[in-house]
Amino acid sequence: MILFVGVALMLYALDVSLSSPEGFEQVGAVLAHPFTKLITWGLLSALLYHLVAGVRHLIMDAGYGETLEGGALGSKIVLVVSVVLILLAGVWVW
């Protein structure tokens, strides 16, 4: 639900920013606010975790990591990679 609403809001912001130079400035001013940066970082965090977990499922569909031990290791790898990407996204946003 959070991803659905967040992506819809970001697509609306993209539409406004591409409509005119004034719209671009408006969106830039809104995204410069610290609370909006926090929300953007949270949305990026959810998207990045979803992406990494999806890649894990694709790898499992290919036949790797289907055992109990492989699944546990895959989960740990997903968490570590997600945390690294989320921290990098936080540096990029802030």
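Each value in this text was obtained by applying a stated rule to the coordinates, not by laboratory testing. Keep in mind that what you see is a predicted model, and the values were worked out from it rather than measured. Every residue, glycine as well, gets a Cβ built from its backbone with ideal geometry; the counts of neighbours run over all protein chains shown.
Numbers below:
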quantity	calculated
Projected label distance in nm at L11 and V55, using a 7 Å step from Cα toward the beta-carbon	2.4
Karplus-derived HN-Hα couplings along the stretch 74-87 (A = 6.51, B = -1.76, C = 1.60, θ = phi - 60°), whole Hz, x at Gly and Pro	x, 5, 5, 5, 4, 5, 5, 5, 5, 4, 4, 5, 5, 5
Mean separation of Cα contacts under 8 Å, 6 or more apart, over the residue count of the chain: relative contact order %	29
Overall Cα dimensions of the chain, principal axis frame, Å, largest first	55, 22, 20
Dipole magnitude of the chain, debye to nearest 20 (Cβ charges: Lys/Arg +1, Asp/Glu -1, about Cα centre)	240
Helix 21-31 vs. the chain, principal-axis angle (Cα, 0 to 90°, nearest 10)	50
Which of H50, S82, A62, positive extreme of dipole for the stretch 1-83 (C-beta unit charges)	S82
Peptide ranges 13-20, 80-87, 61-68 listed from the most packed, as the mean C-beta count within 10 angstrom indicates	80-87, 13-20, 61-68
